[in-house]
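For reference, the structure discussed in these notes is given below.
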Amino acid sequence: MSRIVALVSIGLISLLQVARCLAQAPPQSLRLDQAVDLAINNYPAIRVARERAAAAAGGVELARTAYLPRTDLLWQENRATTNNVFGLLLPQAVIPAISGPVLGTKSFDNVWGSAGGVLLSWEIFDLGLRRANVALARAETSRADAGVEATRFEAAIGAADAFLTVIAVDQTVKSAQANVERMETFSRSVHVLVDNQLRAGVDASRSDAELAAARIQLIQAQQNAELARATLAELLGIAGAAVSIDAAGLLEFGPQPPEASEKLESHPLALEQISAVEVARARERVIEKSYFPRFNFQTAFSGRGTGGLVSGKLDGTHGLLPETPNWASGLTITFSPLEIFSIRSRRKIEASNEAAEKARLDQTLQSLKAQEARARVLADAARRIADTTPAQLAAAREAEFRTRARYDAQLGTVSEVAEAQRLLAQAEIDDSIARLGIWRAFLAAARARGDIKPFLEQVVTASQRRK
């Protein structure tokens, strides 16, 4: 029976593991918008930011607990000598406090003592200090929330950029494969001519060298493709998994990027930095409210029990219980006037921190403006390149065809054919990724504007149009 239960348990565990793997596995062929959604849902850095935001939100509740009264309970049993002395002791934590009359004796006789009580202490008003602490906690929560959005945005941009990189290297692999096939065909024809003594043997060696170089380029392209896929899988939160992509519509002409944004303050990175400035200001307010008196209402109820003389002798059991009750209520006001010096120094520190955060905000806005300017340049250059590459490809194909014909007619050399084929391979690569450059420029504009939604909408439209 136990063996059957163990087998059933192992089977259930295996099914759960398979279900978990299936739940984490990406679709058969990912579109770019699906890859972005997968990155937002799976990327560990986003989960880290979310948990930090949750911890910061808990700080608000913690700050609010300062409004609640504090209650302390105490019970004590002790055995101590009966001697007492006049005088005082400065505040310290070594010699225990002693109360009671002086007996005028020096002995080590001892009695029981007991005490129990409850003290309620409530700061009835604080001139804004607790409110400032709550505001600081809220500012830190807002900063953490802004960090979550900034992390989500960066993860989405990173996944989209990695997706476009995979498309680009895949196109490079296709062009390199086509170049290898052309070189193999040419090398075979050269060997036939050399075997029939129609060409010198050096032509066969040169064609073999060019074929080997083309194969090496293909291997390097395939390596880059695998590395790009590994990077994409990591950004999607499924590191180590095989990723298949759907490039439908992304090898066509992309749309024109939107105009430059005039409200860069709404960018996730800018909002995160604005929140950092608010946190620094909130800390300054807390310090400003710290130099005020503290008003505490306190009430206590306690009982004391102390051993004493009974019929001229020490009672050995008297004092085990607190038999004498007492209560008290009052208002305690505490103020440390000399703390003004440390508070001034702390305010200077926080003022400098706020100035530094403002400078970082200015730096962030400047960087975003520069990114927008570069995105416009990239978009313009990408469109002009995409308009030019078809003519380049047609000319390269014509040149390769004519060079092969000249070689077959014994009017050209192997070097000329090899150079023509290299130019054709490069032209094929340039043409295949030229239109992809337009999408990259659009993505760069989305990064600078802080909004990837228009880019993803155009991706979905292009994919549907392609189908």
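Every residue in segment 279-300 that is of a type in the set (Lys, Arg) and either in contact with a helix residue (DSSP H, G or I) (Cβ under 6 Å, 6 or more places away or on another chain) or at pLDDT 90 or above (or both), please.
Arg281, Arg283, Arg285, Lys289
Conditions (1) under 16 Å from Val460 (Cβ atoms); (2) in a loop (DSSP other than H, G, I, E, B), marked per residue:
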site	(1), (2)
Gln223	no, no
Glu226	no, no
Thr231	no, no
Glu234	no, no
Ala239	no, yes
Ala242	no, yes
Ala247	yes, yes
Gly254	yes, yes
Glu259	no, yes
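Given the criterion among the small types (Gly, Ala, Ser), part of a helix (DSSP H, G or I), touching a helix residue (DSSP H, G or I) at 6+ places or on another chain (Cβ under 9 Å) and at pLDDT 85 or above, identify the matching residue among Ala56, Ala66.
Details: Ala66 fails: at pLDDT 85 or above.
The conditions single out Ala56.
Residue check: is Ala356 surrounded by 12 or more Cβ atoms within 10 Å (Cβ to Cβ) and assigned to a helix (DSSP H, G or I)? Explain how you work it out, then say what you get.
On the way: surrounded by 12 or more Cβ atoms within 10 Å (Cβ to Cβ): yes; assigned to a helix (DSSP H, G or I): yes.
Spelling it out, Ala356 is indeed surrounded by 12 or more Cβ atoms within 10 Å (Cβ to Cβ) and assigned to a helix (DSSP H, G or I).
Filtering segment 130-165 down to residues that are within 13 Å of the chain's Cα centre (by Cα) and of a type in the set (Asp, Glu), which residue is farthest from Ser275 (Cα to Cα)?
Among residues in segment 130-165 that are within 13 Å of the chain's Cα centre (by Cα) and of a type in the set (Asp, Glu), the one farthest from Ser275 (Cα to Cα) is Glu154.
Show the residue pairs that are 6+ apart or on different chains and have beta-carbon atoms under 7 Å apart, the first residue being within segment 297-323 and surrounded by fewer than 16 Cβ atoms within 10 Å (Cβ to Cβ), the second being at pLDDT below 60 and of a type outside the set (A, V, I, L, M).
Matching pairs, first to second residue: Gly308/Asp315.
Would you mention how many residues in segment 69-93 are modelled with pLDDT of 85 or more and either assigned to a helix (DSSP H, G or I) or loosely packed, with under 12 Cβ neighbours inside 10 Å (or both)?
Count: 2.
Need the failing condition index for Ala386 against (1) crowded, with 17+ Cβ neighbours inside 10 Å; (2) closer than 21 Å to Phe186 by Cβ, just the number.
Against the list (1) crowded, with 17+ Cβ neighbours inside 10 Å; (2) closer than 21 Å to Phe186 by Cβ, Ala386 comes up short only on (2).
Among the residues of segment 409-421 satisfying the criterion of being in contact (Cβ under 8 Å) with a residue 40 or more places away in the chain and in a helix (DSSP H, G or I), which is farthest from Glu184 (Cα to Cα)?
Residue satisfying both the conditions and the ranking: Ser415.
For segment 384-412, which residues satisfy the criterion of being in contact with a helix residue (DSSP H, G or I) (Cβ under 7 Å, 6 or more places away or on another chain) and among the polar types (S, T, N, Q)?
Correct list: Thr389, Gln392, Thr403.
Does segment 6-23 contain at least one residue that is at pLDDT below 70 and not in a helix (DSSP H, G or I)?
Of all residues in segment 6-23, those at pLDDT below 70 come to 6-23.
Then drop every residue that is not not in a helix (DSSP H, G or I), which leaves none.
Looking through segment 6-23, none of the residues is at pLDDT below 70 and not in a helix (DSSP H, G or I).
The values are calculated or read from the model by the stated rules, or taken from the named source; none is laboratory data. On a predicted model such as this, the values are computed, not experimentally measured, just so you know. With ideal geometry, Cβ positions are generated from the backbone for all residues, glycine too; neighbour counts draw on all protein chains shown.
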